[in-house]
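Structure first, then comments.
Derivation of every value follows stated rules applied to the coordinates shown; laboratory data play no part. Everything numeric in this text was worked out from a predicted model, so none of it was measured. When we count neighbours, we look across all protein chains shown, and the Cβ atoms used for this are built from the backbone with ideal geometry, even at glycine.
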Amino acid sequence: MNEDSLDGSPILKTGNANHFRGMLAVNGRLTLTGSHLTFRANRLNLQVYEQSYPLKAVTAVEPRRGLALIGDGMAVLLQEGHEERFVVFGRGDWIREIAAAQDALAGSGAHA
């Protein structure tokens with residue numbers, strides 16, 4: 001993997017994020033590519049993991065209340081009904097860019 005791609009797909013956006021696992025917020029990095037949204041936990045966390053979600057499995061991305069009631073949270077809703085929650089800087093930009101990546105993926109006829 002190089003800095004310009006992840007899983008063979010170019011990186012469209014990346015930034016620091018917190019991923020909620022139950023009541024615990026895990027600090028790491030959220031990356032959007034042309035086909036996936038991937039969270040990679042920082043190595044300093046008690047829980048170190050990587051989670052990737054195909055954009056074709058994402059049914060909606062919605063604003064949510066984040067940490068300390070600040071409007072910086074978002075929920076990624078998946079086809080099987082599961083919800084992944086993140087806190088990011090620039091939530092509106094993330095939501096728009098995920099939607100644009102999904103539109104581009106649907107228009108290309110690519111398969112995840």
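Assorted remarks:
- Local electrostatic count, A17, Cβ distance below 12 Å [Lys/Arg +1, Asp/Glu -1]: +3
- Evaluated on the stretch 5-106, the Kirkwood hydrodynamic radius is 13.6 Å, with distances taken between all distinct Cα atoms.
- Estimated inter-spin distance, Q51 and N27, nm [label 7 Å along Cα→Cβ]: 1.9
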